[in-house]
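The block underneath contains the structure these notes are about, expressed in structure tokens.
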Protein chains: 2
Amino acid sequence: MLKNDLVLKAAKGENVDRVPVWLMRQAGRILPEYKATRAKAKNFIEFVKNPELACEVTIQPVDILGVDAAIIFSDILVIPEAMGLPYQMIEAKGPWFEKTIKNKADVEALRIAQGEDLNYVLQALRLTKKELNGRVPLIGFCGAPWTIFAYMIEGSGSKTFSKAKQFLYTQPELSHLLLDKITKSSINYLKSQIEAGTDMVQIFDSWAGVLSEKQYYEFALKYINEIVAVIKPLAPVTVFAKDAHYALKKISETNCNTIGLDWTIDAAKARTEVGKNMTLQGNADPCLLYADEKTIAKETELMLRAFGKQRYICNLGHGLYPDIDKEKVKFFVNFVKEFRF
Amino acid sequence: MLKNDLVLKAAKGENVDRVPVWLMRQAGRILPEYKATRAKAKNFIEFVKNPELACEVTIQPVDILGVDAAIIFSDILVIPEAMGLPYQMIEAKGPWFEKTIKNKADVEALRIAQGEDLNYVLQALRLTKKELNGRVPLIGFCGAPWTIFAYMIEGSGSKTFSKAKQFLYTQPELSHLLLDKITKSSINYLKSQIEAGTDMVQIFDSWAGVLSEKQYYEFALKYINEIVAVIKPLAPVTVFAKDAHYALKKISETNCNTIGLDWTIDAAKARTEVGKNMTLQGNADPCLLYADEKTIAKETELMLRAFGKQRYICNLGHGLYPDIDKEKVKFFVNFVKEFRF
């Protein structure tokens, strides 16, 4: 049914004749078309909750940048909202929760989210799937339980997430109770996404890097494991734990399909850690796209050769930054698509 | 002359009969005594520039916490200031530079700092050395050239330091010119610190983690290397490159005495990377000090056993957070001092 299923093939370990490429945050402020669509909603939350607008910006990078996959435009924090903790997105500041989780009563008051609580995302997925008309696969996603937990405790972004980490150290049992509720909610959510037409899913553990190795395994990876176990039989799963350089081998043991890598990870070392039967995704430094075309070409070729043609999905090591020139992004995407080993 | 030279012995690889301990940001907001001294200055910059006040807060943790070293109270950004780029410290926001470096003329306009430009730090060191009266060694420090560069370009803290990284990608030659000036300034500064009585020095590369491995070697480690080459014959040198997990082996090749580790680094892996002839420093998660005493004791014992008694200086993997209870810090310090293998 899909005209271009390179990303899915790579995720499943099937042979491809070229490396597929998509970009984290490909739908976003680098595109004037995104800004025009964004202007139709009165704020970020309304934007995320509008299936037509979400569909529009999801498809824009497929048309404009020529990427090999669409990723649904949404936000990882729809899960806390569906569980009973609404948030605002404050311009130039980031997410902000009026109420945060402080004690057992707060945790008990949270619902386990069901797919229908996130109907607006499911509608956006169905609409996008239809509009894409099989051109490229549609990627769904959720935040990893630890990352969602971190926001629910901290109430906003943070350099250290010291409140959330304090909660792990001082209330480990309650932490597990909350992480379990987030995990169940995330599983329900991803299942519904797949029923709505999502071809593969990515779990974003954006704040993996603030934890120690031991805490990461106990409070983060345990729950990713649970999600992968249920979701992988339904669709290929990618786990991207930013800055969790120490955890690559253990992440591979979740038996997910693909591991996302940030730009501090060496391709050869990662391959040694995770073995042959795992697809790797990443890991260009987003700032490379500030460089001239010659430098982009040179560094991208080095990266492609380091990862190799098979079992690899080209991407950045983090999301696109908003002030990156879209022509440079197009150049990068085209370079990858035209590259032959 | 020193009554307690455990930290120096450990740094030099000499045998110690217990593990020495000090804490990054041990002079700071966890101590009411610090706050009282801080209140005597009208702002942070005036505080840093006042030798008597700097001496006072440098000695407080030796008296109150019982740590095995004092580290001079100062700021890494005194170097940009001495080179011609003044800054402000904005409450709850961090450093802010009115003028930043944008082009070649800006770089050329910068002075190479001389020791005497930082006379207020040298006075603070002399005063502290005298007041300490040989109780424990006095540690001096500077920011690593890349970290100083990052602030000079970005003009403030940043999650991504994307402007500074953009500068590296788009103006590599000019970047090297600026890094060279910072390096020469830092060497002058550290030499003067040692002349003023500093027993050992630490180079803080706080923003190592935003660079890729390749850029780290080209734009960061190269200059740390130059500093170590000049300074090590004068005093033991510690290099702490936060989040540069990939660079431990290369940092050990600078031939510094001690490598600081953040809390994401495994002790055994670090030892394998750097070899036997290198002292390791770190790496408790600062958030561990939010836990109860039983947990602190358990985790600290694991850490001590993982690093071993020799060639190790106990510390955190980052600075103390301001809301940590000083009694917990005392408990941690005492636990380390009383621990026997």
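The values are calculated or read from the model by the stated rules, or taken from the named source; none is laboratory data. For clarity, every value in this text was computed on a predicted model and none was experimentally measured. As a convention, Cβ positions derive from the backbone with ideal geometry for all residues, glycine included, and neighbour counts pool all protein chains shown.
Out of all the residues in the stretch B:1-17, which are out of contact with any strand residue (DSSP E or B) (no Cβ under 9 Å at 6 or more places or on another chain), of a type outside the set (A, V, I, L, M, F, W, C) and surrounded by fewer than 20 Cβ atoms within 10 Å (Cβ to Cβ)? Across the stretch B:1-17, the qualifying residues are B:LYS3, B:ASN4, B:GLU14, B:ASN15, B:ASP17. For the stretch A:70-89, a residue qualifies if it is within 19 Å of the chain's Cα centre (by Cα), assigned to a loop (DSSP other than H, G, I, E, B) and more than 17 Å from A:ARG126 (Cβ to Cβ), and the qualifying residues are A:ASP75, A:ILE76, A:LEU77. Here is the figure for the stretch A:262-307: residues that are of a type in the set (Phe, Trp, Tyr) and touching a His at 6+ places or on another chain (Cβ under 9 Å) total 1. The selection criterion, being closer than 17 Å to B:PRO145 by Cα, at pLDDT 95 or above and of a type outside the set (Val, Ile, Thr), holds for B:ALA220. Of the candidates B:THR272, B:THR279, the single residue that is surrounded by fewer than 15 Cβ atoms within 10 Å (Cβ to Cβ) and of a type in the set (Ser, Thr, Tyr) is B:THR272.
Taking the listed residues B:ILE148, B:ILE153, the one that is under 17 Å from the mean Cα position of the chain (by Cα) and among the aliphatic types (A, V, I, L, M) is B:ILE148, with no other qualifying.
Restricting attention to the stretch A:320-338, the residues that are in a loop (DSSP other than H, G, I, E, B) and either more than 10 Å from chain B (Cβ to nearest Cβ) or farther than 20 Å from A:VAL62 by Cβ (or both) add up to 4. Can you tell me which condition A:LEU77 does not meet? The list is (1) in contact with an Asp or Glu (Cβ under 9 Å, 6 or more places away or on another chain); (2) closer than 30 Å to B:LYS242 by Cα, and all the others hold. Among (1) in contact with an Asp or Glu (Cβ under 9 Å, 6 or more places away or on another chain); (2) closer than 30 Å to B:LYS242 by Cα, A:LEU77 violates only (1).
None of B:THR238, B:THR258, B:THR272, B:THR300 is more than 29 Å from B:PHE331 (Cβ to Cβ) and β-branched (Val, Ile, Thr) except B:THR272.
Could you check, for the stretch A:233-241, whether at least one of its residues is free of Cβ contacts under 8 Å to residues at least 40 places away in the same chain and in contact with a Leu (Cβ under 9 Å, 6 or more places away or on another chain)? Yes, because at least one residue in the stretch A:233-241 is free of Cβ contacts under 8 Å to residues at least 40 places away in the same chain and in contact with a Leu (Cβ under 9 Å, 6 or more places away or on another chain).
Here B:ILE231 clears all of (1) out of contact with any strand residue (DSSP E or B) (no Cβ under 6 Å at 6 or more places or on another chain); (2) surrounded by 22 or more Cβ atoms within 10 Å (Cβ to Cβ); (3) closer than 30 Å to B:LEU65 by Cβ except the condition numbered (1). Residues in the stretch B:204-218 that are within 19 Å of the chain's Cα centre (by Cα) and aromatic (Phe, Trp, Tyr): B:PHE204, B:TRP207, B:TYR216. One residue stands out among those in the stretch B:18-57 that are part of a loop (DSSP other than H, G, I, E, B) and without any contact (Cβ under 8 Å) to a residue 60 or more places away in the chain: the one that is surrounded by the fewest Cβ atoms within 10 Å (Cβ to Cβ), which is B:LYS42.
A search for C-beta distances below 7 Å between a residue of the stretch A:5-16 that is basic (Lys, Arg) and any residue that is not in a helix (DSSP H, G or I), counting only pairs 6+ apart in sequence or on different chains, returns A:LYS9/A:VAL16; A:LYS12/A:PRO236; A:LYS12/A:ASN257.
Within the stretch B:170-187, the set of residues being surrounded by fewer than 21 Cβ atoms within 10 Å (Cβ to Cβ) and polar (S, T, N, Q) comprises B:THR170, B:GLN171. Summed over the stretch B:109-135, the residues that are surrounded by fewer than 24 Cβ atoms within 10 Å (Cβ to Cβ), touching a residue at least 12 places away in the same chain (Cβ under 8 Å) and touching a Lys or Arg at 6+ places or on another chain (Cβ under 9 Å) give a count of 8. Is it fair to say A:THR295 is over 23 Å from the mean Cα position of the chain (by Cα), modelled with pLDDT of 95 or more and more than 14 Å from A:GLU338 (Cα to Cα)? Taking the combined requirement at face value, the residue satisfies it. Residues that are farther than 17 Å from B:SER206 by Cβ and aliphatic (A, V, I, L, M) within the stretch B:250-298 comprise B:ALA267, B:ALA268, B:ALA270, B:VAL274, B:MET278, B:LEU280, B:ALA284, B:LEU288, B:LEU289, B:ALA291, B:ILE296, B:ALA297, listed in sequence order. Here A:SER212 clears all of (1) farther than 27 Å from A:THR279 by Cα; (2) crowded, with 20+ Cβ neighbours inside 10 Å; (3) within 12 Å of chain B (Cβ to nearest Cβ); (4) hydroxyl-bearing (Ser, Thr, Tyr) except the condition numbered (1). Residue pairs whose Cβ atoms lie under 6 Å apart, separated by 6 or more positions or on different chains, with the first residue in the stretch A:165-179 and more than 10 Å from every other protein chain (Cβ to nearest Cβ) and touching a residue at least 24 places away in the same chain (Cβ under 8 Å) and the second of a type in the set (Ser, Thr, Tyr) and assigned to a helix (DSSP H, G or I), are A:LEU179/A:TYR223.
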